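No value in this document is a laboratory result; all are computed from the given coordinates. On a predicted model such as this, the values are computed, not experimentally measured, just so you know. Cβ coordinates were reconstructed from backbone atoms using ideal geometry, including for glycine residues, and neighbour counts include every protein chain displayed.
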Amino acid sequence: MGLFDAIDASGSGLSAERLRMDVTSENLANAQTTKGADGQPYRRKEVVLQEAGATATSFATVLSSLQGGRSGGAGVTHGVKVSGIVEDATALKRIYDPGHPDADKNGYVTMPNVNTVTEMTDLISSSRAYEANVTAMQTAKTMFTKTLDLLR
Amino acid sequence: MELFDTTQIGLERALSGASLRQQAIAQNIANVNTPGYRRQDVDFQSALHAAWDEGESSVERVAPSVAVDQSAVMRADGSSVDIDNEAASQAKNGLQYEAITSVMKVRTAILRTAIGGA
C-alpha cells in the first residue's frame with residue numbers, strides 16, 4: 001500500500017545488492033584457492049537477479065486485491081529477488097608452478113577463474129546500486145513524513 | 001461551494017499519483033542490475049490535466065496507474081534502467097510531492113480558519 005511498497009522495493013534491492021557484495025567478497029577471498037570443498041579448484045560464483053513477482057500471501061497484496069486494487073497503486077512493485085547463485089563455467093586458469101603441492105605431472109596448477117579486476121568492478125557496481133536504493137528509501141520516507149505533516 | 005472542491009480532490013489525486021510514481025522509481029532502482037528488466041513509470045499529470053477541464057466528477061475518476069516503458073533499450077544486458085534518469089525523476093517527484101502537500105496544508109488551514117476551529 002502506498003509508500004510502504006516503495007520502501008519494501010528498496011529494501012529488497014538493498015538485500016540483493018548486499019548479497020552480490022557478499023558473493024564478490026567470497027570470490028576475492030578464494031582467488032587463489034586451488035582446492036575447494038570438493039577437492040576441485042574454486043569456481044567463481046555469480047548472483048542472478050530477477051524482478052520479483054507478487055507474493056499472494058503478503059498482507060498488502062491480499063488487502064489490495066480485496067479492495068479491487070483501489071488502495072492507491074495497482075500492486076505493481078515487488079522489488080527484486082535473487083533467483084540463484086550460479087557458478088561461472090568459464091575455463092579455469094592454468095599456471096606453471098612445479099613446486100606447488102597441487103601441480104600435475106607437467107608442473108601446471110589449475111587456478112580459479114576469478115579475475116580480480118572483474119570482481120572489483122562488480123563490487124563498485126553493487127556498492128553504488130546499494131547507495132541508490134538507500135536514496136530511494138530515504139525519498140519515500142521523506143514523502144511519507146510530509147503526508148503525516150498534513151495531519152498536524 | 002462544497003467543503004472539498006475540485007482543487008482539493010485534484011490535489012489528492014496528484015498526491016496519490018506522485019506516491020505511486022515513487023513506488024515505480026523505487027522498483028526501477030531495485031532492479032538496476034536485473035538483466036532484461038523494463039523500467040516502469042507513472043504518468044498521472046496528463047490524465048489529471050485532461051480531466052480538470054471536464055469538471056469534478058472526471059477528476060474524481062482519475063486513477064494513476066503504472067505503465068511499462070517500451071522505449072528502446074541501450075544497455076547490453078537488456079535492462080532499460082538508466083540510474084541517472086531514475087535519480088533525477090526521483091528528485092523531481094519528491095519535490096513535486098512536497099509542493100502538493102504544502103498546498104494541501106495551506107488549503108486545510110484556510111478551511112480551518114473559515115470553520116473557526118483555528
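State yes or no: is residue B:9 at the interface with chain A (Cβ under 7 Å from one of its Cβ atoms), of a type in the set (Val, Ile, Thr), assigned to a helix (DSSP H, G or I) and within 23 Å of residue A:148 (Cα to Cα)?
So residue B:9 fails the test.
Look through B:19, B:89, B:71, B:80 and report the one residue that is more than 10 Å from chain A (Cβ to nearest Cβ), touching a residue at least 60 places away in the same chain (Cβ under 8 Å) and within 25 Å of residue A:13 (Cα to Cα).
Matching residue, one of B:19, B:89, B:71, B:80: B:89.
Since residue A:131 meets every condition but one in (1) within 12 Å of chain B (Cβ to nearest Cβ); (2) over 18 Å from the mean Cα position of the chain (by Cα), which condition does it not meet?
(2)
Can you name the condition, by its number, that residue B:114 falls short on among (1) within 20 Å of the chain's Cα centre (by Cα); (2) loosely packed, with under 14 Cβ neighbours inside 10 Å; (3) hydrophobic (A, V, I, L, M, F, W, C); (4) over 28 Å from residue A:138 (Cβ atoms)?
Against the list (1) within 20 Å of the chain's Cα centre (by Cα); (2) loosely packed, with under 14 Cβ neighbours inside 10 Å; (3) hydrophobic (A, V, I, L, M, F, W, C); (4) over 28 Å from residue A:138 (Cβ atoms), residue B:114 comes up short only on (1).
Is at least one residue of segment A:121-129 part of a helix (DSSP H, G or I) and among the β-branched types (Val, Ile, Thr)?
Scanning segment A:121-129, I find at least one residue that is part of a helix (DSSP H, G or I) and among the β-branched types (Val, Ile, Thr), so the answer is yes.
I'd like the full set of residues that are outside any loop (DSSP other than H, G, I, E, B) and among the polar types (S, T, N, Q), limited to segment B:51-94.
Within segment B:51-94, the subset outside any loop (DSSP other than H, G, I, E, B) is B:51-54, B:56-61, B:66-68, B:83-94.
Within segment B:51-94, B:57, B:58, B:85, B:89, B:90, B:93 qualify.
Kindly provide the set of residues from segment B:29-50 that are part of a helix (DSSP H, G or I), more than 9 Å from chain A (Cβ to nearest Cβ) and touching a residue at least 24 places away in the same chain (Cβ under 8 Å), ordered by number.
Restricting attention to segment B:29-50, the residues satisfying the condition of being part of a helix (DSSP H, G or I) are B:29-30, B:45-50.
Next, from what is left, pick out any that are more than 9 Å from chain A (Cβ to nearest Cβ): B:45-50.
Those that are part of a helix (DSSP H, G or I), more than 9 Å from chain A (Cβ to nearest Cβ) and touching a residue at least 24 places away in the same chain (Cβ under 8 Å): B:45, B:48.
Filter segment B:92-105 for residues that are within 7 Å of chain A (Cβ to nearest Cβ) and in contact (Cβ under 8 Å) with a residue 24 or more places away in the chain and give the result.
Residues satisfying the conditions are B:94, B:97, B:101, B:104.
Give the residues of segment A:16-51 that are within 11 Å of chain B (Cβ to nearest Cβ) and free of Cβ contacts under 8 Å to residues at least 24 places away in the same chain, sorted by residue number.
Of everything in segment A:16-51, nothing turns out to be within 11 Å of chain B (Cβ to nearest Cβ) and free of Cβ contacts under 8 Å to residues at least 24 places away in the same chain.
Whether any residue in segment A:36-52 is under 28 Å from residue A:101 (Cα atoms) and of a type in the set (Ser, Thr, Tyr) is what I want to check.
Looking for residues that are under 28 Å from residue A:101 (Cα atoms) and of a type in the set (Ser, Thr, Tyr), one finds at least one in segment A:36-52, hence yes.
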